[in-house]
Amino acid sequence: MAKRERVMRMSVEQPLWRALTAYRVLTMLYAVGLFATAYDEFARPWVAVGYFAVLCGWTLATLPRVANAARCTKPFLAADLTIAVTGILLTTVADAHERVQAGGPTLPSIWTAGSVLAFAIKGGWRWAALASSLVAVANLVERGSPARDTVHNVILVCIASVAIGYVVEVARASERTLARALEIEAATRERERLARDIHDSVLQVLAMVQRRGAVIGGEAAELGRMAGEQEVALRTLVSGGLVPVSRVSEDAAEGALVRAVEEEPEPGGPVDLRALLAPYAGALVSLAEPGAPVPLAPAAAREVAAAVGAALDNVRRHAGADARAWILVEDEPDEVIVTVRDDGPGIPEGRLVQAEGEGRLGVALSIRGRLRDLGGSAELISVPGQGTEVELKVPKDVTDPRGKAEQR
């Protein structure tokens, strides 16, 4: 049994969150050790002890919060930054004034950078700029003046966090692009596999039924004709490929793989005329179309498709059930041209005028009337013994054919 391709979940952010978790624990231990070595130099060490008790408890209790982007919520980030800023401002209360003026470390020390980096990984460089600005203000207030070493540290934290935030944003965009490329590749491989399997089984069976039915005749001939139509429709479906998919994020923390959903056309937006004409293709009807979409306003496209259907009905009615027909779609700069041609006996001269006089207005209303309301035209050319050709022209700027009909 052939294996189905599937896109694996991937996330370039997870290593950053793991690194941040380790950074917070290590810098917490560093800040505590730094305080312990200078305990005797603090003016109010009990203030620092109380703060470090809160800091250690908060850091250890919130380790799951920095495991991924989903758990690292905005309230958590705000509380985390508040603890960092509070520690900076409490330094002037706990430590000796001389040490503060001499450029001694703040209570949280480099643990503060972990809080800023969490903003960067979660929200990108803008969030990082906001958090680093608040930390910069707190450091300037703690020192009382913009000392050289303070400004140096503030600028370093700001640049590093903004750079990491920008890199995270670029990585996320690249991740989504790569996931989309892998998804398209997997869909293409699956389409090729289905095409091979269908060609080796279903299409061959349908073709055999069509040939045998034509030889046997009678009811089998009708069955063969239907099998031929299904073969053409199935072959068109397989060669046409899969429906494009868009991607809706399920959980940003889990990476770029998301569920696939069908893209819905925008209300009132143009539709591809080829999609409306494709059902007419069959064993006796060949459809030739451009390789690119042929966009038309929805109402206009439906009217053109209906006119084509009316022309094919006339082929079956007047040229016989075995008559072949060809549909040609041409996408011009200002208009769309659809030609329906058959190999029937043609229409005798004056027959259309006679039919209109007798009240049979199929061509007059179903075809010409529809195109007239669109601002287009329908020309019918028929030579006895050489078939009939119907040429439909419709301008591309038609938006509401019903409004045109009411104005006329």
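Just name the residue that is modelled with the highest pLDDT out of those in region 364-381 that are in contact with a strand residue (DSSP E or B) (Cβ under 8 Å, 6 or more places away or on another chain) and open to solvent by less than 30 Å² (accessible area, probe 1.4 Å). Looking at residues that are in contact with a strand residue (DSSP E or B) (Cβ under 8 Å, 6 or more places away or on another chain) and open to solvent by less than 30 Å² (accessible area, probe 1.4 Å), I get 376. Can you pull out the residues in region 164-184 that are open to solvent by less than 50 Å² (accessible area, probe 1.4 Å) and at pLDDT 75 or above? 165, 168, 171, 172, 173, 175, listed by residue number.
Quick one: which residue in 60, 134 is at pLDDT 90 or above, open to solvent by 50 Å² or more (accessible area, probe 1.4 Å), closer than 26 Å to residue 37 by Cα and assigned to a helix (DSSP H, G or I)? Break it down into steps so the answer makes sense when it comes.
Details: 134 fails: closer than 26 Å to residue 37 by Cα.
Exactly one of 60, 134 is at pLDDT 90 or above, open to solvent by 50 Å² or more (accessible area, probe 1.4 Å), closer than 26 Å to residue 37 by Cα and assigned to a helix (DSSP H, G or I), namely 60.
Contact map, region 159-184: first residue of a type in the set (Asp, Glu), second residue open to solvent by 40 Å² or more (accessible area, probe 1.4 Å), Cβ cut-off under 8 Å, separation 6 or more or different chains; pairs are 169/125; 175/10; 175/12; 183/247; 183/260.
Quick one: which of 356, 349 is at pLDDT below 85 and in a loop (DSSP other than H, G, I, E, B)? Show your work before the answer.
Details: 356 fails: in a loop (DSSP other than H, G, I, E, B).
Sole residue among the options that is at pLDDT below 85 and in a loop (DSSP other than H, G, I, E, B): 349.
Using the structure shown, decide if residue 81 is assigned to a helix (DSSP H, G or I) and open to solvent by 50 Å² or more (accessible area, probe 1.4 Å). For residue 81, the condition - assigned to a helix (DSSP H, G or I) and open to solvent by 50 Å² or more (accessible area, probe 1.4 Å) - is not met.
Of all residues in region 307-351, those being exposed (fewer than 14 other Cβ atoms within 10 Å of the Cβ) and closer than 29 Å to residue 270 by Cβ number 4. Only one of the listed residues (69, 113) is among the hydrophobic types (A, V, I, L, M, F, W, C), more than 19 Å from residue 139 (Cα to Cα) and open to solvent by less than 40 Å² (accessible area, probe 1.4 Å). That residue is 69.
The values are calculated or read from the model by the stated rules, or taken from the named source; none is laboratory data. These figures come from a predicted structure and were not determined experimentally. Note: ideal-geometry Cβ built from the backbone for every residue, glycine included; neighbour counts use all protein chains shown. The area values use the complete protein model at the heavy-atom level, side chains included, leaving out ligands, DNA and RNA. Shrake-Rupley method; radii C 1.70, N 1.55, O 1.52, S 1.80 Å.
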